[in-house]
Structures are given as C-alpha cells and as structure tokens.
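The values are calculated or read from the model by the stated rules, or taken from the named source; none is laboratory data. What you see is a predicted model; the values in this text were computed from it and never measured. Neighbour counts run over all protein chains shown; Cβ positions are idealised from the backbone, glycine included. When the accessible area is computed, the model is the full protein with side chains, heavy atoms only, and any ligands, DNA or RNA have been set aside. Shrake-Rupley method; radii C 1.70, N 1.55, O 1.52, S 1.80 Å.
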Amino acid sequence: MPNTDVRLQGRLLDEITAGTGPSLRGLSEEAAVTEKIIPQWLAAGGERPDSGLTLAGFRQTQDRLATELADAVTALRARGVDVLLLRGFAFQRLYPAGSVRQFSDIDLAIRDVADLPAVVEVLGGLGHRVVRPITAWSSRHGVWAGVAFNKPSGHGLPYYLDLVIPGPAMGWGRHHAIGDSAWRRRTHVALRGTDVPVLAPADLLTVFLVELLERETCLVRDALDFVVLSGADDFDADRAVMNAAGLPVRQGLLRLLPILRASGHQHARRLAARLAASTTAPSTLDQVRSSTVRMLGKGFEAVRGRSPNLAARIAAARSVVSTAERLGLPTFLFPDPDRRLAGLPARRTRAALDGFTARLRPIADEAEQEYAFSTKGVPSR
C-alpha cells in the first residue's frame, strides 16, 4: 500500500492510540511493513508466526539493542565523550506501557567532532565497524559528520549504529546543531542499569522535524511519534515552537498535517499547524547547494564510467578535496591510521581528525576498503 491514502492513515493512527480497530486488524502485512507499524498490527491480531513476525520477536530485538546501546554509552562516557540517543528508545520511553515502537537500529549524536577518532576507536573495540566512508562538510553552522557502523549480531541482520555530529542533517551542506541549552535539558532513559542520555521531548521534536524533512513521505509511525511526543507529560509546546522557528522543515510538516487532520488528534493537529506557521521552506541557497552536489555527483559518475582510474585520481587529488571543503561541499573520510591512503589528510583542515584521509567521492579500490574498514582501520590517539 503506497502511503498516500491519508484517510486510512488517519484511521490507523486513531485505532493504534485506541488499542485496536477494524482498519488495523484488516491491514495487510505489506502495508504494516510500509507504514512501520508492525508491532501495533501484531498486537491487534495480525500475528504471522509463519513469516517470523511476532511481538515476542520484536521485544527480543529491542532487548538486544538495549544491551548494545548500554555498552556503547558506558564505554563512550568512560572516554569522556558526550553522547545523546536520538531515536529508538528515546521515543519508546514515551509510548504507552506495553506498546512497542518499531525500530531496529541505534541512532546517536555526539557533541564535538574532535571526539570522532575516540568514538571510532571505542565503538570498534566493542565490535562496531565503520562500514563506509564518513560523510563530512563545513558550513557557517559548523562541521558536520555522519558515520555508519555495523556489528555482527549472530541473529541474522547485524546491529546498525548510526552516529551524527553534532545533530541530524538537513540536506547537503546544512544540519541542525543540537545546542548547549538542549544538552543541559537532557534527561535519561534507564537501560540495562545504564542511564542513557536523551533529549527532552520538546528538543526531541526538533530532531524529529529535521528527520521528517529528509523523507519523501510521512508514515503512520511518524504521525504516531508526533502524537506521543506532543502528549508527553513534560512536553513544552511553546519551547517546541520556539526551537523550530525559522528552521527550513515546513515541507515535512505539510506531509504530516493531512494525516493528523484525518484523525481525531486535535491537539496534535493544532501543534503541527503552529509549527508549520513558524518554520520555513528551504532557502534558495540550500536548494542551489543541493542541486550543485547532485549535479557534481552525476558528472563525477559519468567520468568514472568512462575512466575509473582518472576518477580515482580526481577523487584523491588534495587540491580538489581542499577546494571542495572550502566551498562547503561534502567530502568523504576514510579511517587511515597508518597514513597510507591517497587523498587529503583530514588533520590538514581539522586538526582533531588525525587518522582520517578525505576524498572528494566515496571511492576506493578493494585493498583500500579492506584496510580502511577492517579493525586495522580504527584510528587511535
């Protein structure tokens, strides 16, 4: 089911918050997967043991993720790294007792890009491996980086851990930096005896809006997250509106509003309307930057198709990478503790990032990938 039938989405939202209903019970497995509401569908009577989809299975996955998350936070704290949980259990703690939010990964933010080498080393020591080049850029909003980690789980799919510095991206070249005041207002969720730092609900809503912008559609789970967040006991609606004022996230809200209007959640609908009125569309500069990045990417891939060796030389040319960084274009960092990779040493422009090499595009030959993304490629101080 393409998630375009907002009337059905609104009914599903109402039935989920009520506990059950005919639309939810009659939903196909494919639609439940699409809308990311499998646990709610299963709880309403959609159990499919033959397909492996059971509530017990979801709870077991969350138990394993809780252990991985607690271990990661404990190790990072011991290294002096400030860390925040952005999704997953940060939302789950606000869901009604007994209700399971669908998620299968860990999303973290750290405060300072200078901690990136320590984070890669610490998480590498726990078995979380960097699996692709680290995307990074510099802008008037500061330095942003995004890292994807994988760890074998022994239970099929690996554990996925995604990390951003210092907050989620808003397209190419712009990001939301989680401010000092939000860090001071942070609270905690207890997991495996560890207090895992999470944002207060109003600050978490800002992150939610930024991430909603990045998707082309709005799912029932998104609407459910919004309803749960805005209904939290300690939710501050005025602060949420103040946080969002001027952010270019209106497009995501305009996808959310029709679902809320098709539901009975009037309070959430009024809040979404207030937020839409206080936010903006992406600026012309943001749109031009995104278009430029896409065009450069397509042009580079065309060169790569004709001459892979030439493309590799261009991607690793220090002058090219340095120019891209000055222009605020994304570059791609490879773990390189032995300083053996061609490219621009990241320490040349960001002194704290010793042990990484930057390239214009995320390309490397097989031997380079084996070196950079194995445990040998973990930078250490």
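Nearest 5 percent is fine: what portion of the DSSP beta bridges confined to the chain is antiparallel?
Details: 33 of 39 bridges.
Of the beta bridges lying entirely in the chain, close to 85 percent run antiparallel.
Please report the projected area of region 169-227's Cα convex hull averaged over all directions, in nm².
Projected area, direction-averaged: 5.2 nm².
Check residue 328: other-chain or 5+ apart residues with amide H under 5 Å from its amide H, H built from backbone geometry?
138
Please state, to two decimals, what the Cα-based radius of gyration of the chain comes to when divided by 2.2 N^0.38 Å (N = residues).
For the chain, the normalised Cα radius of gyration comes out at 1.03.
So what is the relative contact order for region 42-120, in percent, with contacts set as C-alpha pairs under 8 Å and at least six apart?
So the answer I get is 29 percent.
Tell me the carbon and sulfur percent of the accessible area for the chain, rounded to whole percent, probe radius 1.4 Å.
The C+S portion of the solvent-accessible surface of the chain is 51 percent.
Mean Kyte-Doolittle of at least -1.0 plus a Cα span of 30 Å or more along the axis: flag which DSSP H helices in the chain meet both, please.
The answer, listed by residue number, is 55-78, 284-306.
Can you tell me which of 233-239, 251-257, 330-336 comes out highest on packing, and rank the rest after it, using the mean Cβ neighbours within 10 Å?
Packing order, densest peptide first, comes out as 330-336, 251-257, 233-239.
Taking all protein chains together and a probe of 1.4 Å, list 135, 217, 279 from the most accessible to the least accessible.
These residues rank, largest area first, as 217, 135, 279.
If R0 is 22 Å, what FRET efficiency do you get for residue 245 and residue 270 from their C-beta distance, rounded to 0.05?
Working: r = 17 Å, r/R0 = 0.76.
Efficiency, from the Cβ-Cβ distance: 0.85.
Please give the net charge around residue 36, taking every other residue with its beta carbon less than 14 angstrom from that of residue 36, where Lys and Arg add +1 and Asp and Glu add -1.
Net of charged neighbours comes to -3.
Treat every Asp and Glu Cβ in region 8-86 as -1 and every Lys and Arg Cβ as +1, leave all other atoms uncharged, and give the resulting dipole magnitude about the Cα centre to the nearest 20 debye. If you can, show how the numbers build up before the last one.
Details: 8 positive and 11 negative charges, 37 e Å.
Dipole about the Cα centre, nearest 20: 180 debye.
Using +1 at the Cβ of each Lys and Arg and -1 at the Cβ of each Asp and Glu in region 154-290, identify which of 253, 200, 242 lies farthest towards the dipole's positive end.
The one lying farthest along the dipole's positive direction is 253.
Would you mind giving the three semi-axes, in whole Å and largest first, of the ellipsoid equivalent to region 113-183 according to its Cα gyration tensor?
25, 13, 12
Hey, got the dipole for region 1-133? About the Cα centre, +1 on K and R Cβ, -1 on D and E Cβ, debye to the nearest 20?
140
Count charges around residue 171 for me, please; just the other residues with Cβ under 15 Å from its Cβ, Lys/Arg as +1, Asp/Glu as -1.
Charge balance near residue 171 sits at +2.
Calculate the dipole size of the chain relative to its Cα centre from +1 charges on Lys and Arg beta carbons and -1 charges on Asp and Glu beta carbons; express the result in debye to the nearest 20. If you can, show how the numbers build up before the last one.
On the way: 48 positive and 40 negative charges, 223 e Å.
Charge dipole, the chain, about its Cα centre: 1080 debye, nearest 20.
Identify the residues of region 333-354 with backbone N under 18 Å of a label point that sits 7 angstrom from the Cα of residue 132 along the Cα-to-Cβ direction, or state none.
Correct set: 333-335.
Solvent-accessible area per residue for the chain at a 1.4 Å probe radius, Å²?
I get 44 Å² per residue for this part.
Pick from 156, 124, 355 the residue whose mean-square fluctuation is largest in a GNM of the chain, springs joining Cα atoms under 10 Å.
With Cα springs under 10 Å in the chain, the top fluctuation among 156, 124, 355 is at 156.
Out of 362, 96, 197, any idea which swings most in a Gaussian network model of the chain, alpha carbons joined below 10 Å?
Maximum fluctuation in the GNM of the chain, among the listed residues, is at 96.
Can you give the Rg to Rh ratio of region 234-381, both from alpha-carbon atoms, with Rh computed by the Kirkwood formula?
Across region 234-381, the Cα-based Rg/Rh ratio is 1.16.
Under 8 Å for C-alpha pairs, at least 6 residues apart: give me the relative contact order for region 149-275, rounded to a whole percent.
Relative contact order comes out at 19 percent.
Quick one: compute the contact order of region 225-347, relative version, from alpha carbon pairs under 8 angstrom and 6+ residues apart, as a percent. Display every interim value, and only then the final one.
Working: 79 pairs, mean separation 24.1, N = 123.
So the answer I get is 20 percent.
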